[in-house]
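Step one of this worksheet: look at the structure below.
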Amino acid sequence: MGTCAPGTGKRRGPRAWPGWVLLILLPLALAAGCATTPGQQAARQPVFYPPPPELARVQLLTTISTSADVSHRGWFRTFILGPEPSRAIVKPYGIAFWGDKIYICDSVQASLVVIDLSKKQLRLLQPTGAGRLVKPINISIDRDGTKYVTDTAREAVVVLDAQDRYAGELARDAKPGDVVLDDTRLYVSDLKERCVRVFDKSSRRELFTVPREGESSPQARLYSPVNLALDREGNLFVSDLGAFRVQKYDREGRYVRSFGSQGLAPGLFARPKGIDVDENGLLYVVDAATEVVQIFDPEGRLLLFFGQPGGGDFALNLPAKVRVNRSLVPHFRHLADPSFELDFLVFVSSQYGEGKIGVFGVGQGRQ
Amino acid sequence: MNAVRRWAVALAIFLAAIGTRADISGSKHDFSTQTWAAGQICIVCHTPHNAGAGAGPLWNHASTATTFTLYSSPTFNGTIAQPAASTKACLSCHDGTVALDQYGGNTPQVPSLLLTGPALLGTNLSDDHPVSFAYTSALATTDGELHDPATWPSGIRTGGTIRSDMLFADQLECASCHDVHNSFSQPKLLVKSNAASALCLTCHAK
């Protein structure tokens, strides 16, 4: 641009581009580089499990650790509003979904990290006053948006309503590891009393504990019931960290079976943590010591394991929770490799390392 | 001495011996009192046969089938985000659901970081003492309120310095302050008594 002598109103010096051309071209050129993808691309090469030349069943789609992985403030908004404040996930454990949002319990930041995939935002939800979270570990969200958050330092399950307002407490004086729910019931695992407490959801009255009184079999016993999962029939699966096994109880709390034992080999557990059930009844168990997710059939036979130990871009550094999800597939579909047919997603939270939330896609490689 | 007094003395010695025996029985890591399946203590972490390579000697139990790679070597990159192998072994259980989360009261405190060193500690929020970082003489000099680990006595073993008794290749880990086997018979499995904050003051020059 030429210089303007004050007061003349006329441009001198070499002739520049007409102003209107720049006004149109410049923002377009800048906006072209601003594609917003949730998470970072894990690597240039797609990461498949089992690794090639086997038929791919799982692909690591991306990892999410900070707000930069979820949102990207364009040039213009940055110019007007300033750089986007960066928020990070520090030490995640529980994961739950509601609508287009992912809720993650962050035990160090004592808050819920809320990732809104449609608004492309990552923010922290820190209830104040009576609803203050001290050490949130796990979360489950009901269909109406009521959130149940287990807090091991507060020693209660904190209930938040759909508008994230405090709505009471549950299971006080228990040390709640996990909470899961179905249409009529709440299941809360108690690490102090080594049992699972079953409540009626509407009245919040305690119905019974698992294992049931009178259950004498040592196999039915719980040691450290850290995580829970429910299948479609209402069977309860408990990931028992201290006994190195997964327990199955029916809807009335009667012991059905257990599988797994201590060890490092496939099919065994060293530090079993998160557990989830997909719609086919397959069990996903993540192990914090071996840093993989194992997939079992309903009888406890190992089908597959995936995940890579060590963290970094490949997630799984002291993993804690595993959650299966189908509703958020549209937000991640573009990350699936063209050779991989994506069916549903598996989210894994890692407590350390760089890839705090690993998003895996389960499906099948195309032949 | 008559027979009764002899028995009394023997009994007193016997009881004293039991009381001061330094070991994992009766400590928080004694899982046998919590009725594990086998009533054992050691099996939670160790096994004499068919062990896999891992975070500790004779770690867990491996069958003859293929094993997973356990804890690929930590890529220490100067931040505390990557716990090292021994700290990782502790953190695999102490993840917020077991005991250690109660330390320091019920409020997670962004700690008044006594170590005000340079970017070495980064902006990592934590409600636990930082681990898996290099505690060197250089850090002590930069910070100004830390004892030199190469020369300051640890107070744990005679003639031992902080570096020889508490650090692992100059790294501060969980095991710097806690002994997993409770060899020193201190509450909270510490390596020395923290009466009058003696353990804190071993490193922090306050």
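The values are calculated or read from the model by the stated rules, or taken from the named source; none is laboratory data. These numbers were taken from a predicted model, which means no experiment stands behind them. Neighbour counts run over all protein chains shown; Cβ positions are idealised from the backbone, glycine included. Surface areas here come from the heavy atoms of the whole protein model, side chains and all, with no ligands, DNA or RNA. Shrake-Rupley method; radii C 1.70, N 1.55, O 1.52, S 1.80 Å.
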Quick check: with the 1.4 Å probe, what order do B:94, A:334 take by accessible area, largest first?
A:334, B:94
At a Cα cut-off below 18 Å, give the aspartates and glutamates reachable from residue B:28, other chains included and same-chain residues fewer than 8 away excluded.
A:193, B:95, B:101, B:179
Other-chain or far-sequence residues with amide H under 5 Å of residue B:168's (modelled H):
B:173
For the stretch A:96-234, would you read off the P(r) tail past 23 Å as a percentage of all alpha carbon pairs?
33
Would you grab the residues whose amide H sits under 5 Å from the one on residue A:196? Only those 5+ places off in sequence or on another chain, please, with H modelled 1.01 Å from N.
A:190, A:210
Largest-first ranking of A:356, B:28 by accessible area, probe 1.4 Å, whole protein assembly kept, is B:28, A:356
Estimate the FRET efficiency between residue B:129 and residue A:143 by the formula 1/(1 + (r/R0)^6), using the beta-carbon distance for r and 35 Å for R0, to the nearest 0.05.
0.25
Net length gained if the chain between residue A:172 and residue A:303 were fully extended (0.36 nm per residue, minus Cα distance):
43.3 nm
For residue A:351, list long-range residues whose amide hydrogen, built 1.01 Å from N in the peptide plane, is under 5 Å from its own amide hydrogen.
A:317, A:320
Excluding ligands and nucleic acids, what accessible area in Å² is computed for residue A:55 using a 1.4 Å probe, to the nearest 10?
60
Karplus-derived 3J(HN,Hα) from phi for the stretch A:49-65 (6.51 cos²θ - 1.76 cosθ + 1.60, θ = phi - 60°), whole Hz, x at Gly and Pro, runs 10, x, x, x, x, 5, 5, 6, 10, 9, 10, 6, 7, 6, 10, 10, 10
Shielded residues, the stretch A:326-359 - accessible-area loss of 10 Å² or more between chain alone and all protein chains, probe 1.4 Å:
A:351, A:352, A:353, A:354
Treating only the Cβ of Lys, Arg, Asp and Glu as charged (+1, +1, -1, -1), what charge dipole size does chain A show about its Cα centre? Round to the nearest 20 debye.
1540
Accessible area lost on pairing B with A, both sides, 1.4 Å probe, Å² to nearest 100?
3700
Considering only protein heavy atoms and a probe of 1.4 Å, how much of the accessible area of the stretch A:294-367 is carbon and sulfur, as a whole percent?
49
For the stretch A:97-109, Karplus-derived ³J(HN,Hα) couplings (6.51, -1.76, 1.60; θ = phi - 60°; whole Hz; x for glycine and proline) come out as 10, 8, x, 9, 10, 10, 9, 10, 7, 10, 6, 7, 7
Once the Cβ-Cβ distance between residue B:137 and residue B:184 is put in as r, and R0 is 35 Å, what FRET efficiency do you end up with, to the nearest 0.05?
0.85
Fully extended, how many nm does the chain gain between residue A:162 and residue A:219 (0.36 nm per residue separation, minus their Cα-Cα distance)?
16.6 nm
Calc'd 3J(HN,Hα), the stretch A:347-355, phi into Karplus 6.51 cos²θ - 1.76 cosθ + 1.60 (θ = phi - 60°), Hz, glycine/Pro = x, comes to 9, 10, 9, 10, 7, 10, x, 9, x
Give me the extension gain from residue A:256 to residue A:54: residue separation times 0.36 nm, minus the current Cα-Cα distance, reported in nm with one decimal.
69.3 nm
For the stretch A:162-285, report the translational diffusion coefficient in µm²/s to the nearest whole number, using Stokes-Einstein at 20 °C, 1.002 mPa s, and a Kirkwood Rh over Cα pairs.
145
Rolling a 1.4 Å sphere over the protein heavy atoms, what is the accessible area per residue of chain A, to the nearest Å²?
43
Residue A:362: net charge of surrounding residues, Cβ under 15 Å, Lys/Arg +1, Asp/Glu -1, itself excluded?
-3
Tilt relative to chain A, helix A:19-31 - C-alpha long axis, 0 to 90 degrees, to 10
20
